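Chemist: Here it is, the structure, as structure tokens.
The values are calculated or read from the model by the stated rules, or taken from the named source; none is laboratory data. Keep in mind it's a predicted model, so treat the numbers as computed, not measured. Note that we place each Cβ from the backbone using ideal geometry, even for glycine, and neighbour counts take in every protein chain shown. To get the accessible areas, we keep the full protein, side chains included, count just its heavy atoms, and leave off ligands, DNA and RNA. Shrake-Rupley method; radii C 1.70, N 1.55, O 1.52, S 1.80 Å.
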Amino acid sequence: MFSVKNVNAALGTVLSSKELSFTDDAYPAALLADGLKDILERVVPAVVDDVYNVLLEQNVLPTQVQFLLKKGYRYVVDMDEDTRRGLEEGRLKLVTEHGKMTAQIREANGQYGPKLPIKKEYLSAELNPLQVVNILQINALQDKLQIITEQINMIDIGVQRILQGQQNDRIGLYYSGMNLYQESKYIADNELKNALTAQALRALSEAAYQLTLTMQSDIQYLVDKKYREARGNSAEVIKERMNGIKQSFAVIHQAFLLRAGIYCELNELAAMSMVLDGYAQFIENTIAKHADRLVQWDEDDDGTEKGFWRSRAKLKTTVSDLTRQLNATDKPIYLSIV
Amino acid sequence: MSCLKGCINKKCETNKNKQTYPEKFDYCPKCGERLYYVCKECYTQLPDGSKQYCELCWEKKQNAKEKAVDAVAALVDLIPNGGAAVKNIADTIGKFSNRRK
Ligand SMILES: [Zn+2]
Ligand SMILES: [Zn+2]
């Protein structure tokens, strides 16, 4: 199981954005990592608290169950992948029958699935079954956050290498958004600050959009073998295009991450996960689709799963689930103890 | 000509030496890892066994041939009247370079 410690360790590999200047190549990833850390430390416990309060209000904590907790056990549900998914979607019910506790998942049709045994583990601290369920849910969230963070960090390393390598003539679009964001930091007036931040977000979105088009047309040029027209020099033409493709990719990466990081900072988690979703889609449509060829045009890639392009093509985030869970605070997550 | 396989295990000696194996080999004789199709020239792992070279190495080879053909063609222009035989050679190389192995 994942713990907060694990996630912090994964996040710990990235410097805090506060230690970096806005113009640092590592800034977008650091800002996003700070935001994700914040979700773990502040937002996730808040979600859990809300669930707990809803249940207290509804008076669904039977005394019998409460009594059991006092003994200092910890309950762990044995579950397979499907069950786990059900749990992540917040459709879990705890049942006590003949003094034994089981967990049940509500299926899509509203019916409850088979009863699952709950294992009992001793704990030093006291935990109630509700907390157990919450722990499982937090684990599911942490699990996702960790995967997302690890994947992004991994991509970020390669991107920074590209950015450090040489002059990037495509980075201007990104800088215009980043500068607006930087300016917004120095403005005291809230209205003006918000307006500038909105402009920054728009500029970053525009940067990612424009460069995605550029990158796609560069890839299409290579797919169509247009370089054949450069008789005797086609290999050089491929290298130049590939260089452009990498430069575009690096800037697109920065623009997506900074945008996600800003949303995170503003506590707009739904928007943040939408941006991450957008990034995952970009990877899927633009990189994964052409990975077989990108590795052959790129002189620096060895074509293996660990190479630059194939490893990047693997980014698949489960961010949409994350979005739903983080937004469930106003509508109570379905959880009950019977 | 058939395609070649290679060991992509970075720790394996045959990987470091860019040693290739015939298609019928499935596992590396040195380290036992699975073998994959690789570019005959640069050892980049290839998606399947349909080509001997990666796209970039293939183009490099094409470019070398094209440059040779162009050099011969330039010679033809230099030799008054006597260029026919040389031009023949140039055409032959040209045909050859357009054919994919
Ligand atoms: Zn080997
Ligand atoms: Zn090659």
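Chemist: Per-residue HN-Hα couplings for region A:293-305, Karplus 6.51 cos²θ - 1.76 cosθ + 1.60 at θ = phi - 60°, whole Hz, x for Gly and Pro?
Modeler: After applying 6.51 cos²θ - 1.76 cosθ + 1.60, I find 8, 3, 5, 7, 8, 8, 4, 8, 9, 8, x, 7, 4 Hz.
Chemist: Considering every residue in B:33-44, what mean count of other chain Cβ atoms within 10 Å of its Cβ is obtained?
Modeler: Per residue, the number of nearby Cβ atoms from other chains is 2 on average.
Chemist: Another question, then. In whole Hz, what ³J(HN,Hα) sequence does region B:43-60 give by Karplus (6.51, -1.76, 1.60; θ = phi - 60°), x for Gly and Pro?
Modeler: Running phi through 6.51 cos²θ - 1.76 cosθ + 1.60 with θ = phi - 60° gives 6, 5, 5, 9, x, 7, x, 8, 9, 7, 10, 6, 4, 5, 5, 4, 5, 4 Hz.
Chemist: Can you give the average number of partner chain beta-carbon atoms within 10 Å of each beta-carbon in peptide B:5-13, as a whole number? Let's see the in-between values first.
Modeler: On the way: counts 0, 0, 0, 6, 1, 3, 0, 0, 0.
Taking all residues of B:5-13 together, the mean is 1.
Chemist: I'd like to compare A:283-291, A:224-232: which one has the highest average count of other Cβ atoms within 10 Å, and what's the full order after that?
Modeler: Result, highest mean Cβ count within 10 Å first: A:283-291, A:224-232.
Chemist: Once you average over the residues of A:271-283, how many Cβ atoms of partner chains fall within 10 Å of each Cβ?
Modeler: Mean shielding count: 0.
Chemist: Same structure again: Quick one: of A:LYS18/A:LYS289; A:LYS289/B:LYS30; A:LYS37/B:LYS10; B:LYS18/B:LYS51, which pairs are farther than 26 Å apart, Cα to Cα?
Modeler: Where the Cα-Cα span goes over 26 Å, the pairs concerned are A:LYS18/A:LYS289; A:LYS289/B:LYS30; A:LYS37/B:LYS10.
Chemist: Can you tell me the accessible area per residue over region B:1-51, all protein chains present, probe 1.4 angstrom, in square angstrom? Please list the in-between numbers first.
Modeler: Numbers: 3220 Å² over 51 residues.
Each residue of region B:1-51 exposes 63 Å² on average to a 1.4 Å probe.
Chemist: Using amide H atoms built in the peptide plane, which far-off residues or other-chain residues are under 5 Å from B:VAL38 H to H?
Modeler: For B:VAL38, whose amide H was placed from the backbone, the distant partners under 5 Å are B:LEU4, B:LYS5, B:GLY6, B:LEU46.
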